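Just below is one structure, and these are the notes that go with it.
Derivation of every value follows stated rules applied to the coordinates shown; laboratory data play no part. None of the values given here were measured: they were computed from a predicted structure. Every residue, glycine as well, gets a Cβ built from its backbone with ideal geometry; the counts of neighbours run over all protein chains shown.
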Amino acid sequence: MSSKFRPGDKFIFLDEPGGGTVIELLSHNRAKVKTHDGFELEYALSALVPMKASADRYIVSDHQAQLIAANDRMEEEKKRQARKGAALRPGKTAPRPEDNSVAEVDLHLHELVEDETVISQDEKLRYQLAYFERSLEAAIRNGKRKLIVIHGVGEGILREEVRRTLQFYESVRFEDADPRRYGSGATEVTILRH
């Protein structure tokens with residue numbers, strides 16, 4: 001049985017975040033693995049990418065990998081939208097240049113998903129918070145000065161959860177966003193540079 005893997009070899013998944021260790025080769029194309037999360041699963045060897053011993057020091061957590069992958073998808077969608085609206089229709093004035101140091105994220109569910117009726121109430125809030133966190137990480141990574149989080153007024157649950165999450169970030173300060181522009185349904189996050 002010739003394979004690029006042996007028991008004990010480290011790997012990352014090809015099409016999903018995370019990785020682990022090969023426990024046992026089951027056939028010429030299947031292996032039993034133990035993930036970084038401690039689960040023992042059976043996988044096709046073609047779904048695993050071997051890690052070099054030196055690369056093992058740079059393991060990215062599943063949460064970090066999911067944030068990075070989601071951010072990549074978000075950036076691709078922004079590029080697609082920009083290409084669609086790139087041509088200015090006749091009679092329209094050119095949009096005013098935007099401040100590239102300020103990012104904006106609208107957490108209204110209808111802005112984030114195609115059909116919000118298929119998501120339960122608990123999942124809606126989790127999805128909105130995960131999207132917010134990905135946007136915040138992207139703003140920090142991309143050197144933005146501010147992030148405007150549009151959460152709406154509603155019952156205030158999303159606003160409170162957003163602000164609770166922000167308390168875990170040492171490099172940010174937050175306050176109500178400009179009420180003349182956003183009403184009372186937005187939070188302005190200032191990203192501090194050290």
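Label-to-label distance, A130 versus R73, with points set 7 angstrom from Cα along the beta-carbon direction: 0.8 nm.
Residue pairs exceeding 29 angstrom between C-alpha atoms, taken from K124/K144; K78/K146; K124/K146; K10/K124; K34/K144; K34/K124: K10/K124; K34/K144; K34/K124.
Restricting segment 130-194 to chymotrypsin sites (Phe, Trp or Tyr not before Pro) that sit in a DSSP loop and have at most 11 other Cβ atoms within 10 Å of their own Cβ leaves F168. Between R180 and H110, the modelled label-to-label distance comes to 2.8 nm, taking each label 7 Å out from Cα in the direction of the beta carbon. In a DSSP loop and with at most 11 other Cβ atoms within 10 Å, the trypsin sites (Lys or Arg not before Pro) in segment 128-193 are R193. Loop-located GluC sites (Glu not before Pro) across segment 126-194 with a Cβ neighbour count of 14 or fewer within 10 Å are E155, E170, with loop assigned by DSSP. Fully extending the segment from E24 to T165 would add 46.7 nm, taking 0.36 nm per residue of separation and subtracting the current Cα-Cα distance.
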